[in-house]
Amino acid sequence: MRGIMVWMRIFIFSMLLIGGALSAQVPAPKPKTPLPVKPPAAAASSTPSAQPFDKVVLTVGDEKMTVGDFEKFVDTLPEQYRAQARGPGKRQIVDQLVSLKALAQEARKRKLDQEPAFKAQLAFQAENLLAGTLFRDLSANLKVEDADVRKYYDDHKNEYERVKARHILIRFKGSAVPPGKKELTEEEALEKTKALRARIVAGEDFATIAKAESDDTGSGANGGDLDFFGHGQMVPPFDQAAFAAPIGQITEPVKSQFGYHLILVEKHDVKTFDEVRPDIEKKIRPELAKKTVEKLQKQTPVTIDESFFGPPAPVPAPAPAPAK
């Protein structure tokens, strides 16, 4: 894997000589909340109306770039940067292009592209790009066997476990309290949560109490409904309690940084193999591609002079299994 990662890093680095500044615009992941993260509504596109592919949109010295040329260039960038390069980062990337092309043109005028050191480096970079291209091609087009997908599913079933639940949240001092509600101490919040649980156990409707009492105003308006969620979508104490709770029973108060929760699990199941198969195939393709590359390397005749390069690096010993 190390060899593949080196190839990919070099490939990305060579591309990011132009587009690297875009990485600063990739938003950081949001912290976990007590509610499942819902995808935001699609924002209106800020991309200008389509331009003819042969329209010249950039001139640097005597070099011209058309809309089509720019699109082809963006296609060579790593996938995670392409949307930015075609949208909010378009101006930033063209500024980088102008700087790069101006310097490259001056270097050619000075015949630096004829220097032996430059030619050697160019040849090495070409091999890096070819290696990266092969790896991407293998990852995209490698046939994934049914047995490989099934094995991953069987070995990682807990990743596809999910529950459908409702909750009631009672916040305490230090966490945001909805407008118009009294800020409770932690002790007061716990007592209130216990009292609400007693009412539900005695026969009152969970959803009705959630609408009236829950400090999670988003789910509270829907009777505390959180719909389905999987492992890791909730803060750890909530996650652990929800997946351990019997269906149809109210949990004891569960404390998180948001307050105290009462959780009612309505369904508990595992996504079917057919539901998750496309995701599994996408996930295991890089590992299968890596194995294919290793096989190709073994098939290629190689002779290494160890008197010059030294012996192979020792294989690290496997980490000891954690004590139970």
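The values are calculated or read from the model by the stated rules, or taken from the named source; none is laboratory data. Small disclaimer: the values here were computed from a predicted structure and weren't measured. When we count neighbours, we look across all protein chains shown, and the Cβ atoms used for this are built from the backbone with ideal geometry, even at glycine. Heads up: the accessible areas ignore ligands, DNA and RNA and are worked out on the full protein's heavy atoms, side chains in. Shrake-Rupley method; radii C 1.70, N 1.55, O 1.52, S 1.80 Å.
Before moving on, here are some points about what is shown:
- M15 satisfies every condition listed in (1) at pLDDT below 90; (2) open to solvent by less than 40 Å² (accessible area, probe 1.4 Å); (3) aliphatic (A, V, I, L, M); (4) in contact with a strand residue (DSSP E or B) (Cβ under 8 Å, 6 or more places away or on another chain) except (4).
- Going through (1) under 30 Å from K282 (Cβ atoms); (2) open to solvent by 40 Å² or more (accessible area, probe 1.4 Å); (3) in a helix (DSSP H, G or I) one by one, R199 falls short only on (1).
- K119 of a type outside the set (A, V, I, L, M, F, W, C), more than 37 Å from the chain's Cα centre (by Cα) and surrounded by 13 or more Cβ atoms within 10 Å (Cβ to Cβ): no
- Look at region 224-244: where a residue is buried (at least 20 other Cβ atoms within 10 Å of the Cβ) and a partner is in a helix (DSSP H, G or I), sitting 6+ places away or on another chain with Cβ atoms under 7 Å, you get G224/F206; G224/A207; G224/A210; L226/S219; M234/A242.
- Just one of the listed residues (V293, V276) is under 28 Å from the mean Cα position of the chain (by Cα) and under 28 Å from Q240 (Cβ atoms), and it is V276.
- Of everything listed in (1) over 23 Å from F135 (Cβ atoms); (2) at pLDDT 90 or above; (3) among the charged types (D, E, K, R); (4) open to solvent by 90 Å² or more (accessible area, probe 1.4 Å), the single unmet condition for D305 is (4).
- Some residue of region 165-185 being at negative phi, of a type in the set (A, V, I, L, M, F, W, C) and open to solvent by 50 Å² or more (accessible area, probe 1.4 Å): yes
- Selection count, region 207-256, where residues are under 17 Å from S175 (Cβ atoms), touching a His at 6+ places or on another chain (Cβ under 8 Å) and small (G, A, S): 2
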